[in-house]
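Below: the structure, in structure tokens.
Just so it is clear, none of the values below were taken in a lab; they were calculated from the coordinates. Just so we're clear, the structure is a prediction, and the values are computed from it rather than from any experiment. Note that each Cβ is placed from the backbone with ideal geometry, even for glycine, and that neighbours are counted across all protein chains shown.
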């Protein structure tokens, strides 16, 4: 029988920040961007590598921001009860301090906004609407006084943002049309 050696995570180390951002979930944001880009190539015969990369980075940055807000909000609300299954929460484990977490969430909102502005320049008003709503909902999914995740609308918004908005928004950025 193999013995499993658990790696000790030092506070504020690279591993701690990775646990806080949860890169294992980034595929959730990347998949619809890949689908929208594939549709643009298949249906319109066009796609732009730079637009794909900017869209991908924008989507992944919102996913990372949402993950960090989730981690921070759970600890702030003292919602962690020790029965968690899945990825550990970095703030609850003490790997990331709450003040550093709050600063990183603010920094990530700035990064998301910068990608949003770039994509708005490329895609115009439809992308402005998607970008603003994505940033707000990405934060409010677990943050704020009434997190969306605790309402009946949580899963519906996940479907809308990761399905409809992400795929059609990516298609729009590539083609400036809807099909």
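Note on residue 35 and residue 149: with the Förster distance fixed at 35 Å, the Cβ-Cβ geometry gives a FRET efficiency of about 0.90. Between 0 and 90 degrees, the angle of helix 26-39 with respect to the longest Cα principal axis of the chain falls at about 10 degrees. Between the beta carbons of residue 18 and residue 133, assuming R0 = 25 Å, the FRET efficiency works out to 0.35 to the nearest 0.05.
Relative to the longest principal axis of the Cα atoms of the chain, the long axis of helix 49-76 lies at roughly 30 degrees. Computed on the chain, with alpha-carbon pairs under 8 angstrom and 6+ residues apart, the relative contact order is 33 percent. Between the Cα long axis of helix 98-123 and the first principal axis of the chain there is an angle of about 10°, rounded to the nearest 10. Based on DSSP H segments of at least four residues, each scored -39500 (n - 2.57), the chain has a per-residue ellipticity at 222 nm of -20000 deg cm²/dmol.
Were the residues from residue 49 through residue 121 laid out at 0.36 nm apart, the gain over their Cα-Cα distance would be 24.3 nm. Fewest-first ordering of 89, 10 by other beta carbons within 10 Å of each residue's beta carbon gives 10, 89.
Working from label points 7 Å from Cα in the Cα-to-Cβ sense, the residue 156 to residue 25 distance is 2.2 nm. At what distance in angstrom do the alpha carbon centres of segment 37-72 and segment 136-179 lie from each other? Cα centroid to Cα centroid, the span is 13 Å. How much FRET efficiency would the formula 1/(1 + (r/R0)^6) give for residue 42 and residue 85, where r is the Cβ-Cβ distance and R0 is 35 Å, rounded to 0.05? Once rounded, the FRET efficiency stands at 0.35.
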